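Right, one structure below, let's go through it.
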Amino acid sequence: MARLLHWGHTFKLGLGLLAAVGGVLAIGQDACVAFESDSSTFPIVSKHKAAPILLSADEWGGVQRAAADFASDIHEVTGVKPTLKNVTATASSFASAGSKAVIVGTLGKSSLIDTVVSNAKLDVSSIQGKWEAFLTREITNPLPGISSAYVIVGADKRGTIYGLYEHSEQFGVSPWKWWADVPTTKHSELYVPSLGCSHGTPTVTYRGIFLNDEQPALQNWAMEKFTNGTGAALTGSPFNRYFYTNLFELILRLKANSLWPAQWSSAFGVDDTQNQPLADWYGIVMGTSHEEPFMRSVPVEWGLFGNGSWDYADNTQNVYNFWKGGIERTKNYENVITIGMRGAGDVPLSEDQNIELMEKIVSDQRSLLGDVFNTTDVTNIPQVWTLYKEVQGYYDDGMRVPDDVILMWTDDNWGNVRRYPLIGERGRSGGSGVYYHVDYVGDPRDYKWITSSQIEKTFDQLSTAVARNATSLWILNVGDLKPYELHTEFFLTYGYDAFKWTPSNLNTFVARWAQREFDLSASDAVEVASIIGTVTRHNARRKPELWNSTTYSLTNYREAENVVASLKAAAATSTRIYNSLSSSTKPAFFQLVHHSAQATYTLANMWISAGINNLRASQARISANDYSEQVEELFNEDYALEVNYHSILDGKWDHMMDQTHVMYYYWQQPMANTMPPITKVQAKKQALAGAMRIAIEGSSGAWPGDNVNNCALGYNCGNPSLTIDPYLPVGNRYVDVGAGGPSTFTFTATANETWVKLSSAGGTISPSNPEQRLFLSVDWTRVTGVQSAVVTITAKVPNQPSLSVPVTLTANHTLVPEGFKGFVEGDGTVTIEAAHAARNTSVQGIAWTEIPGLGRTESGITPWPRGGNELNFTAGSGPSIEYDFYLFNTLNGQGNVTITMYISPALNGLGDERPLGFALQVDDGDPKTNYFVPATPTGQYVPTPWNGLDGWVANSIITVQEAFDVEPGKHTLKLWMIEPTVVVQKIVINTGGVKASYLGPPESIRV
């Protein structure tokens, strides 16, 4: 079917964009590298000879170190190791270095690069004085004896470092070469364009990650790999310089610059006294989390060095002195200093500690900064106040901090940003930022086992942050870091250059990443993107920690089996690609793709099999026992996958999958994985009602005999019945014929009407083949109006009377008028994926636009571009999108229907005074406006419907229902924009047939 929205995604588009990338492994950046020579290239390695790399001794130490990586990377790619040396700019001749060289340096720091810029009259105005910018260029006669040089010039330390690592990545060295064992892509020759490449100031000033919730996985792994088993003297922490220097390099290779260090039982500045100076030397800006003011790990360091209670009202001087120690320890390094205060252990301060106290805390902290830094102006000392949970309440109630402090807005811990800066808040000199999660410990449940967030959702939320100028500081809570590698890279890449990514090319990010990491063909890279899309969509629908045996319907819409089939297909594709890879690439693919695909499929299959086991048992079907065995096998397979992960590369990643994840009893992680409850049927004894059991689609009941689900009374119920119409999306109904005991029997299926088509006329059921599915469909050329038939299923059991169960099939041959185009009611509903519109009307340049892959089923649509002027509209005046549909029925024939909008979870990002809303209109009726996100009650940090195991974030959806008076026939539904950032995934029009399910009915047939 055609898509109206011009930013839709297609397989061909993905292949085309990937093909355009060619051999350069760049993700979202302009090409800096070539692998063949021409008249406009400079040779880095040619004919087994590498150009030397020159720096000056007065260069930043971090640049010197990155240049050594650069040289090593070239060696890894080509097998040729370039000379790396410091030289003196005033030397009379550089001929000994050769006629061509690579010259690296930072403006204003490197005497060598300053001399070269002057000699060559190189125009560096495009980067001069700009944060983290770089440019490269081939220049002639830069120094005596050198006829030509390729210069990599940074405006500052990290600008130079990013220039080096950008080239390394495009040469073929993944940022994840150590952290995910991605092998280097080999090339015999390396060239760079003479015109070079460049990058200006990144979109987000400070971009980083937060290691959090690091027990059991990351901490156990680090203890084994970086200590002698005892950890730091005071804390026992394993996070020492050997651990962190690996992380510092990764952060810089990802073109990020900031870190909030691990803190559950660790103290960055105490565990290893070299941690902080090494961070600064590398070029990492350190900070601490929202609960850790003034560069000290809280509560760990307070427990070690604090005196009295963690209470500024009652223990002012001791707390003040504690903060002073933190700042004095770190004042010589580059930091963003957390201000404010939370209670001990990341909890709110006591209720009687109010805004007045918080304002005093901030005031005293600012005075302390002035004292320690010996200045009366602390506005140039980077500071952040993180508006986490109840702290945002202080802000909403009127508390303010000085203008130079970064206001860090936060998500709800589940990827939904609570609020963005309003227009009047965007001119602050300190600006604003975002603290975001892909890992969390807390209500309604922990999620920290496996990747379960969509990059499409992150794009949705952070594109709004960019539009609203919340770009001073972004921190991603990455938990153990692994297995969130891909999401971490996307977050940081988007922060580095957000304007490279739009809804039109977002779907190419993963495919390009797959090509870079695994040297895949364009088609296989798109397949990897599909695998990851399937896995993250499934895990984001409902976090794996929240799954149970009835999350997905076992009886309606074939929902559970479709979920399993989708994940099975993704796992099979992953296996095919994995098996095709070289032995050197398999470990990386296993970590980054294959394990998540297999583990997700295994766990989902286990939970659903447990549900089927219990359902079959309630139906007296001995096939329940097969599912019982399957659950046990899958439970063991879940552990085997963990062991496989821990075994690769001789145990390099041992413990990284230690996280428990099966059978939560409350929000906190279970102390052990526990198999879901299963049961068994006594297969040696025949069911009371006979050897044959009949179950039908859409029912949990079973015949013959009594079952609580056969009818409301639960006994003396009628025979089973099914309905069907031509616009049923799957086109048929099914009946399961099953064994109710040890007896083998044959069965026949016959219909009393010729228009009934049966997938099989019979079969044999036995303990080894305990069930068979029979599909019933209709020859619609033989049906007029509503007709019924009886399909009789008869069992012949040795030494027992024959047993028959009649199943009534009622066929309703509904007809659509000739010429109608749109969605047609089938099975009592019209269900529409929101992207599949008939018409789309823009207003003031804003239109409903698809974000491919976002949401629980296919995609989401949202008003785009987001913009920063916060346009909103009254119902009927803004952008609109239309859907044509045809009805045969209304609810109980009363002339009305309900329309349910499936909307991505979101919060009132412009404040509760501007609640999220949209309007719906049917035909020429009046639009109905719905502001669907209520205000957050006092004392809470999210609206009430957010909470609980059946709340918005647990279900990963908001359903909004409206009733409309309509009659059968052709209609048009119009969705109007009211407020920006609403994301609509799906529309369900109920005419009386909508059944219980997690995802809602499948999309209706479109003619």
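The values are calculated or read from the model by the stated rules, or taken from the named source; none is laboratory data. Since the model is a prediction, treat every value here as computed from it, not as a measurement. Note that we place each Cβ from the backbone using ideal geometry, even for glycine, and neighbour counts take in every protein chain shown. The protein model used for the area step is the full one, side chains on, heavy atoms only, and it has no ligands, DNA or RNA in it. Shrake-Rupley method; radii C 1.70, N 1.55, O 1.52, S 1.80 Å.
Starting from the stretch 85-101, take each residue that is on the phi > 0 side of the Ramachandran plot and list its partners that are of a type in the set (Gly, Ala, Ser), counting only C-beta distances under 8 angstrom and pairs at least six apart or across chains.
GLY98/ALA51
Quick check on TYR557: is it buried (at least 19 other Cβ atoms within 10 Å of the Cβ) and out of contact with any strand residue (DSSP E or B) (no Cβ under 7 Å at 6 or more places or on another chain)?
Details: buried (at least 19 other Cβ atoms within 10 Å of the Cβ): yes; out of contact with any strand residue (DSSP E or B) (no Cβ under 7 Å at 6 or more places or on another chain): yes.
Taking the combined requirement at face value, the residue satisfies it.
Just to confirm my filter: which strands (runs of 3 or more DSSP E) fall fully inside the stretch 888-1001 and include at least 2 residues that are modelled with pLDDT of 95 or more and surrounded by fewer than 19 Cβ atoms within 10 Å (Cβ to Cβ)?
Where strands (runs of 3 or more DSSP E) fall fully within the stretch 888-1001 and carry at least 2 residues being modelled with pLDDT of 95 or more and surrounded by fewer than 19 Cβ atoms within 10 Å (Cβ to Cβ), they are 896-903, 928-931, 958-965, 969-977.
Being surrounded by fewer than 18 Cβ atoms within 10 Å (Cβ to Cβ), within 23 Å of ILE532 (Cβ to Cβ) and either modelled with pLDDT of 95 or more or not assigned by the TED database to the domain that holds LEU211 (or both) narrows it down to one of THR674, THR575, THR600, so name that one.
Matching residue, one of THR674, THR575, THR600: THR575.
List the number of the failed condition for GLU249; all other conditions in (1) buried (at least 19 other Cβ atoms within 10 Å of the Cβ); (2) assigned by the TED database to the domain that holds ASP272; (3) in a loop (DSSP other than H, G, I, E, B); (4) not aliphatic (A, V, I, L, M) hold.
For GLU249, the failing item is (3).
Among what's in the stretch 578-591 and is part of a helix (DSSP H, G or I) and either closer than 12 Å to PRO183 by Cβ or among the hydroxyl-bearing types (Ser, Thr, Tyr) (or both), pick the residue that is most open to solvent (accessible area, probe 1.4 Å).
Only one residue tops the list, namely SER580.
In the stretch 958-982, which residues are aliphatic (A, V, I, L, M) and in contact with a helix residue (DSSP H, G or I) (Cβ under 6 Å, 6 or more places away or on another chain)? Even if it seems obvious, please write down each step before you answer.
At the first step, the residues of the stretch 958-982 found to be aliphatic (A, V, I, L, M) are 958, 960, 963, 966, 973, 975, 977-978, 982.
Matches in the stretch 958-982: ILE958 only.
Quickly run through the stretch 121-147 and pick out the residues that are closer than 20 Å to VAL192 by Cα and without any contact (Cβ under 8 Å) to a residue 12 or more places away in the chain.
Result: ASP123, single match.
Could you look through the stretch 364-389, keep only residues that are of a type outside the set (A, V, I, L, M) and touching a strand residue (DSSP E or B) at 6+ places or on another chain (Cβ under 9 Å), and pick out the one that is surrounded by the most Cβ atoms within 10 Å (Cβ to Cβ)?
Residues of the stretch 364-389 of a type outside the set (A, V, I, L, M): 364-367, 370-371, 373-377, 379-380, 382-383, 385-386, 388-389.
If we keep only those that are touching a strand residue (DSSP E or B) at 6+ places or on another chain (Cβ under 9 Å) as well, we get 365-366, 382-383, 385-386, 388-389.
Values: GLN365: 25, ARG366: 19, PRO382: 19, GLN383: 25, TRP385: 25, THR386: 27, TYR388: 22, LYS389: 20.
The extreme case among them is THR386.
State all residues of the stretch 776-792 that are part of a strand (DSSP E or B) and open to solvent by less than 70 Å² (accessible area, probe 1.4 Å); if no residue qualifies, say none.
Result: LEU776, SER777, VAL778, GLN787, SER788, ALA789, VAL790, VAL791, THR792.
State whether one or more residues within the stretch 438-456 are open to solvent by 10 Å² or more (accessible area, probe 1.4 Å), touching a strand residue (DSSP E or B) at 6+ places or on another chain (Cβ under 7 Å) and closer than 21 Å to LEU387 by Cα.
yes
Output the number of the condition that ALA610 fails; it satisfies all remaining conditions of (1) assigned to a loop (DSSP other than H, G, I, E, B); (2) surrounded by 19 or more Cβ atoms within 10 Å (Cβ to Cβ).
In the conditions (1) assigned to a loop (DSSP other than H, G, I, E, B); (2) surrounded by 19 or more Cβ atoms within 10 Å (Cβ to Cβ), ALA610 misses (1) alone.
Can you run down the residue pairs with Cβ atoms below 7 Å, 6 or more apart or on separate chains, where the first is in the stretch 668-682 and closer than 16 Å to TRP449 by Cα and the partner is among the charged types (D, E, K, R)?
So the pair list comes out as GLN668/ASP446; GLN669/ASP446.
Which helices (runs of 4 or more DSSP H) does the stretch 253-341 wholly contain that include 1 or more residues that are open to solvent by 40 Å² or more (accessible area, probe 1.4 Å)?
275-282, 300-305, 316-330
Going by the structure shown, is GLU224 closer than 30 Å to GLN170 by Cα, surrounded by fewer than 24 Cβ atoms within 10 Å (Cβ to Cβ) and either touching a Gly at 6+ places or on another chain (Cβ under 9 Å) or not aliphatic (A, V, I, L, M) (or both)?
no
Would you kindly identify the strands (runs of 3 or more DSSP E) lying entirely within the stretch 802-857 that contain at least 1 residues that are within 29 Å of VAL783 (Cβ to Cβ) and among the polar types (S, T, N, Q)?
Correct list: 803-812, 829-833.
Of the residues in the stretch 390-408, how many are crowded, with 22+ Cβ neighbours inside 10 Å and touching a Leu at 6+ places or on another chain (Cβ under 7 Å)?
The total comes to 3.
When ASP411 is evaluated against the numbered criteria (1) open to solvent by 20 Å² or more (accessible area, probe 1.4 Å); (2) in contact with a helix residue (DSSP H, G or I) (Cβ under 8 Å, 6 or more places away or on another chain), which criterion, by number, is the only one it fails?
(1)
What are the residues in the stretch 755-775 that are open to solvent by less than 20 Å² (accessible area, probe 1.4 Å) and touching a residue at least 60 places away in the same chain (Cβ under 8 Å), if any?
The answer is ILE765, PRO770.
Kindly establish whether GLN686 is in contact with a Lys or Arg (Cβ under 9 Å, 6 or more places away or on another chain) and open to solvent by 20 Å² or more (accessible area, probe 1.4 Å).
no
State all residues of the stretch 219-237 that are more than 18 Å from ASP650 (Cβ to Cβ) and among the aliphatic types (A, V, I, L, M); if no residue qualifies, say none.
Once the filter is applied, which keeps residues that are more than 18 Å from ASP650 (Cβ to Cβ) and among the aliphatic types (A, V, I, L, M), the stretch 219-237 yields ALA232, ALA233, LEU234.
Considering every residue within the stretch 839-848, establish whether at least one is in contact (Cβ under 8 Å) with a residue 12 or more places away in the chain and under 23 Å from PRO1001 (Cβ atoms).
yes
Output the number of residues of the stretch 833-853 satisfying the condition of being hydrophobic (A, V, I, L, M, F, W, C) and within 16 Å of THR959 (Cα to Cα).
Total satisfying the criteria: 1.
Would you please list the contacts, defined by Cβ atoms under 8 Å and residues six or more apart or on different chains, that run from a residue in the stretch 379-400 that is over 20 Å from GLU356 (Cβ atoms) to a residue that is open to solvent by less than 10 Å² (accessible area, probe 1.4 Å) and part of a helix (DSSP H, G or I)?
ILE381/LEU369; GLN383/LEU369
Determine if the stretch 708-724 includes at least one residue that is out of contact with any Ser or Thr (no Cβ under 6 Å at 6 or more places or on another chain), more than 25 Å from SER788 (Cα to Cα), aliphatic (A, V, I, L, M) and crowded, with 20+ Cβ neighbours inside 10 Å.
no
Can you name the residue in the stretch 207-221 that is over 16 Å from ASN275 (Cβ atoms) and at pLDDT below 95 and, of all such residues, is surrounded by the most Cβ atoms within 10 Å (Cβ to Cβ)?
Selected residue: ASP213.
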